[in-house]
Amino acid sequence: MELTLPDKVSYILDTLHSAGFEGYAVGGCIRDSLLGKEPKDWDITTSATPKEVKSLFPHTVDTGISHGTVTVLLEREGFEVTTYRIDGKYEDSRHPKEVTFTPNLLEDLKRRDFTINAMAYNQKDGLVDAFDGVGDLRRGLIRCVGDAKQRFKEDALRLMRAVRFAAQLGFSIERETYAAICEMAGDLRRISVERIAAELVGLLVSDYPEKIRALYESGITSVILPEFDAMMQTEQKNPHHLYTVGEHTIAALSFVEKDKILRLAVLLHDVAKPLCETVDEEGVSHFHGHPELGGEMAKRILRRLKFDNCSIQSICRLVSAHDDNPPLTERSVRRVIMRIGTDAFPALFALKRADILAQSNYQRQEKLEYLDGFQMYYRKIIEAKDCLTLKELAVSGSDLIQAGMAEGPALGETLKELLELVIDDPKKNTKEYLLEQVK
Ligand code: ATP
Ligand code: MG
């Protein structure tokens, strides 16, 4: 088997070999190369110790010396070179307590998570595939290296990595590996939320976000996102829907592009439905108030998962606005844009479209036509550069003070009232007119 290595990777491997060490490209880059995909980065594994690696290359960074990793810099491009190692006992399903270096490549490959991630390659020896990673690539299977339960016990994050790789590659999870995931899901409680959130995002922005169903079926979401379990268990007995809230959400995920904010907004857009459900005398479900409550729940969930404030704000705004459907007049649409904020667009339209497409056929044409109309008004308003924010208002706070108003909360209120006048009639956005109104 012949793979093409980038020149810089060949150079690093040659340098190691000339100095009498072994060196291989390893892990994700070999997997991706075999799949015909462009690898994100090239990791190198070697028999040389970090000290020896540092002596061979003039520019290096101590990235994770205690774990054996040195970054070799070639023309500002970094390559992680890691010494063959055996991971010691994992304390608390989190970090290896200690790592031991080993002269044996096979030992290093054994500590890796999945067969498809445990292959190494260099020009001299070709592919080293001790666990039939190639076979699993061909079969489309995520399979643990060695005993699945044992491997998940060492590091419970691997539970989520398995599903994330399945979602990125469109693979299935091999039977024993999957059974172990179901058995060990509770161990994720001991993993830091940052690592969990990173895997969840990786799954969501993949080509197969519907694999989130496996997170639910295996019991993982009940640990990391119990709100999703409630969604999977909430029926929607009304003509607009075919599926449970959860299945509707899963369907909607694939209808938006692979963008972190959008996919998370889709994931959470109906998160409050289980709490908001009422059933009328005819047995029809209603979910009054779910967008607003959903925005609040999304905020709590995303804070719990330690997302940054900027993402939280964008996502929550989309969740709480996802059901806003103004009458199609310039005035009403301007009001909605003012209230939600221009930043929420055009993502909001993408979310609304996905929401419709994941519903039943009932009134679908009408819903899509309405959305097109909404979008057309939006574009017209943006192109007209109508005033939509306080910033664009023809008068500022200091103008009002100059005109004799006192500083204080009343000033802010007045500005807001003026903005509403202008939103209703953009022609009124002149200094003269607005100052006249204040008098
Ligand atoms: P990606 O495309 O997401 O970067 P990757 O396979 O390169 O995929 P990394 O997280 O960058 O994944 O890890 C590099 C390699 O290190 C993996 O291919 C795997 O061999 C090993 N590895 C990473 N994390 C773990 C883990 N938690 N347990 C065991 N092995 C791991
Ligand atoms: Mg990688």
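The values are calculated or read from the model by the stated rules, or taken from the named source; none is laboratory data. A quick note: this is a predicted structure, and the numbers were derived from the prediction, not measured. In this analysis, Cβ positions are derived from the backbone assuming ideal geometry, glycine residues included, and neighbour counts consider all displayed protein chains. Accessible surface is based on the protein model in full, side chains and every heavy atom, while ligands, DNA and RNA are left aside. Shrake-Rupley method; radii C 1.70, N 1.55, O 1.52, S 1.80 Å.
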Query raised in the report: Has the range 100-109 got at least one residue that is part of a loop (DSSP other than H, G, I, E, B) and under 33 Å from the mean Cα position of the chain (by Cα)?
Result: no
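A quick yes/no check of all residues on (1) within 21 Å of Tyr178 (Cβ to Cβ); (2) in contact with a Ser or Thr (Cβ under 8 Å, 6 or more places away or on another chain); (3) within 16 Å of ligand 2 (Cβ to nearest atom); (4) free of Cβ contacts under 8 Å to residues at least 40 places away in the same chain:
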site	(1), (2), (3), (4)
Asp113	yes, no, yes, no
Ala120	no, yes, yes, no
Asp125	no, no, no, no
Val128	no, no, no, no
Phe131	yes, yes, no, yes
Gly140	yes, yes, no, yes
Val145	yes, yes, no, yes
Query - Residue in the range 44-61 that is within 30 Å of Asp187 (Cα to Cα), away from ligand 1 (no atom under 16 Å from the Cβ) and touching a residue at least 12 places away in the same chain (Cβ under 8 Å) present - result: no
**Report entry** Leu127 vs. criteria farther than 19 Å from Lys40 by Cβ, in a helix (DSSP H, G or I), hydrophobic (A, V, I, L, M, F, W, C) and open to solvent by 30 Å² or more (accessible area, probe 1.4 Å)
**Finding:** no
**Report entry** Yes/no for Ser206 being modelled with pLDDT of 95 or more, open to solvent by 30 Å² or more (accessible area, probe 1.4 Å) and either in a helix (DSSP H, G or I) or within 16 Å of ligand 2 (Cβ to nearest atom) (or both)
**Finding:** no
Requested in this report: Would you please name the residue that is surrounded by the most Cβ atoms within 10 Å (Cβ to Cβ), looking only at residues in the range 330-372 that are of a type in the set (Asp, Glu) and under 21 Å from Lys391 (Cβ atoms)?
Outcome: Glu330
Query - Condition check for Asp129: within 19 Å of Pro6 (Cβ to Cβ), touching a strand residue (DSSP E or B) at 6+ places or on another chain (Cβ under 9 Å) and among the charged types (D, E, K, R) - result: no
Query raised in the report: Out of the residues in the range 166-180 that are open to solvent by 10 Å² or more (accessible area, probe 1.4 Å) and under 24 Å from the mean Cα position of the chain (by Cα), which is nearest to Phe131 (Cα to Cα)?
Result: Ile173
Query raised in the report: Filter the range 1-33 for residues that are over 33 Å from the mean Cα position of the chain (by Cα) and of a type in the set (S, T, N, Q); which is surrounded by the most Cβ atoms within 10 Å (Cβ to Cβ)?
Result: Thr15
Requested in this report: Could you grab me the full set of residues in the range 373-416 that are acidic (Asp, Glu) and surrounded by 12 or more Cβ atoms within 10 Å (Cβ to Cβ)?
Outcome: Asp386, Glu392, Asp399
